[in-house]
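**Q** Let me give you the structure first, and then I'll get to my questions.
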Amino acid sequence: MYLTCSPVDTLTFRNRKYFIKRDDLLHAEFNGNKARKFYWYLTNDFPRIKRVVSYGGSQSNAMLALSALAKLKNWRFTYYVKPLARHLKKYPRGNFQAAMHHGMQTVETDAFVFGEFAEDTLFIPQGGAEQAAEPGVKLLAREIVEFAETAQLPELSVFLPSGTGATALYLQKHLPYPVFTTPCAGDRLYLQNMMRQLEADESLHPSLLDTDKKYYFGKLYREFFDLWRALKHETGMEFDLLYDPKGWLAMLAHLAELGTNILYVHCGGLTGNASMLPRYERRLRNN
Ligand SMILES: *Cc1c(COP(=O)(O)O)cnc(C)c1O
């Protein structure tokens, strides 16, 4: 039911070759970097735990992964969200629909403020940005090292887009190759701050690459959609519409710094495209 090692594919985009770590293929519903971040919970026993609680956006990839984890573990899953749009409640789609299908219970709230939870409750911070994410990401790092050694690559640069930065941070911590990332949810300072909370030693942090233009998380940009569609068209591979367009934009803008061999970590998130695509279609039709 769960791949323990994801394959590495190659693709050629605009006359350049990339290695793609296919973490989107780990499992139908528990995949991407969220599967890595929650791997520790998946593979350990928590006899006292009956319920998992988290919070964040109504289409979050972490929410979907937690709903799948809770189902596999036979835990209840309570998810705190900002008041939901009436339309979404009436016509659930994307990650929200899939998570509801897994039995997620939502609590709508204006402010994410939490006290102590009961002993049978596991609390997971937004996006899974916590030290428990390290063991699973360390495994991902080991797989990348094995790949690079088998392929006998003399050098390698690893790239992935960041939300909380936990994945990029723990990858850099456990990889002998440079890891590059770009902030998607918030700016460079936000990302540095998030990473510092998990690892004070900044020499262990990944390198941050920016785009010239400032982008806001979850907002729609024509250049994002065009690049996403060009990637799909030219390579046949589908990427996520929330993080990957900014990721590819930033990476393409800094190719000279990345060297010959680039491995892009496909962090999953494809279920979320079911809600992003109609938004893009509505937006681009009206422009
Ligand atoms: C969550 C996510 C990220 C960012 O992961 P962080 O560890 O929060 O930085 C990137 N890409 C996809 C598809 C994601 O779901």
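Laboratory data are not the source of any read-out in this text; all were calculated from the coordinates shown. None of the values given here were measured: they were computed from a predicted structure. Virtual Cβ from ideal backbone geometry, glycine too; neighbours counted across all protein chains shown.
**Q** Give the peptides 18-25, 257-264, 198-205 in descending order of average Cβ contacts within 10 Å, highest first.
**A** 18-25, 257-264, 198-205
**Q** Tally the DSSP beta bridges in segment 1-91 and give the antiparallel ones as a percent, rounded to 5.
**A** Counting only bridges with both partners in segment 1-91, antiparallel ones make up about 55 percent.
**Q** Using θ = phi - 60° and the Karplus curve 6.51 cos²θ - 1.76 cosθ + 1.60, what whole-Hz ³J(HN,Hα) does each residue of segment 270-280 get, with Gly and Pro shown as x?
**A** Those phi angles translate into 5, 4, x, 4, 5, 9, 6, 4, x, 5, 4 Hz.
**Q** Could you please report the charge total around Thr211, scoring K, R as +1 and D, E as -1 over all other residues with beta-carbon less than 15 angstrom from its beta-carbon?
**A** Net of charged neighbours comes to -1.
**Q** Mind checking the dipole of segment 44-179: about its Cα centre, +1 per Lys or Arg Cβ, -1 per Asp or Glu Cβ, Debye to the nearest 20?
**A** For segment 44-179, the charge dipole is close to 740 debye.
**Q** Between their Cα atoms, which of Lys82/Lys219; Lys138/Lys213; Lys34/Lys232 are more than 26 Å away from each other?
**A** Flagged as over cut-off: Lys138/Lys213.
**Q** Can you say what percent of the DSSP beta bridges in the chain, counting only those with both residues inside, are antiparallel? Round to 5.
**A** Looking only at bridges with both residues in the chain, the antiparallel portion is about 20 percent.
**Q** For segment 90-123, state which GluC sites (Glu not before Pro) are in a DSSP loop and have at most 14 other beta carbons lying within 10 Å of their beta carbon.
**A** For GluC sites (Glu not before Pro) across segment 90-123 that sit outside H, G, I, E and B with at most 14 neighbouring Cβ atoms in 10 Å, the list reads Glu116, Glu119.
**Q** Against the 2.2 N^0.38 Å scaling, with N counting residues, where does the chain land? I'd like the Cα-based Rg ratio to two decimal places.
**A** 0.98
**Q** In debye, nearest 20: dipole of the chain around its Cα centre with unit charges on the Cβ of K, R (+) and D, E (-)?
**A** Roughly 1180 debye, rounded to the nearest 20.
**Q** Then there's this: Once phi is turned into ³J(HN,Hα) by the Karplus curve 6.51 cos²θ - 1.76 cosθ + 1.60 with θ = phi - 60°, what whole-Hz value does each residue of segment 25-40 show in order, with x for glycine and proline?
**A** Coupling constants for segment 25-40: 9, 4, 6, 4, 10, 10, 9, x, 5, 5, 5, 5, 5, 9, 4, 4 Hz.
**Q** Along the charge dipole of segment 3-148, pointing to its positive end and built from +1/-1 on Cβ of Lys, Arg, Asp and Glu, which listed residue (Asn95, Ile124, Trp75) has its Cα farthest out?
**A** Asn95
**Q** Let me ask you something else. How big is the antiparallel share of DSSP beta bridges in segment 1-159, given as a percent to the nearest 5?
**A** 35
**Q** Could you give each residue of segment 60-76 its phi-based ³J(HN,Hα) in whole Hz, using Karplus coefficients 6.51, -1.76, 1.60 with θ = phi - 60°, and x for Gly or Pro?
**A** 5, 5, 5, 4, 4, 5, 5, 5, 5, 4, 4, 5, 4, 8, 6, 9, 6
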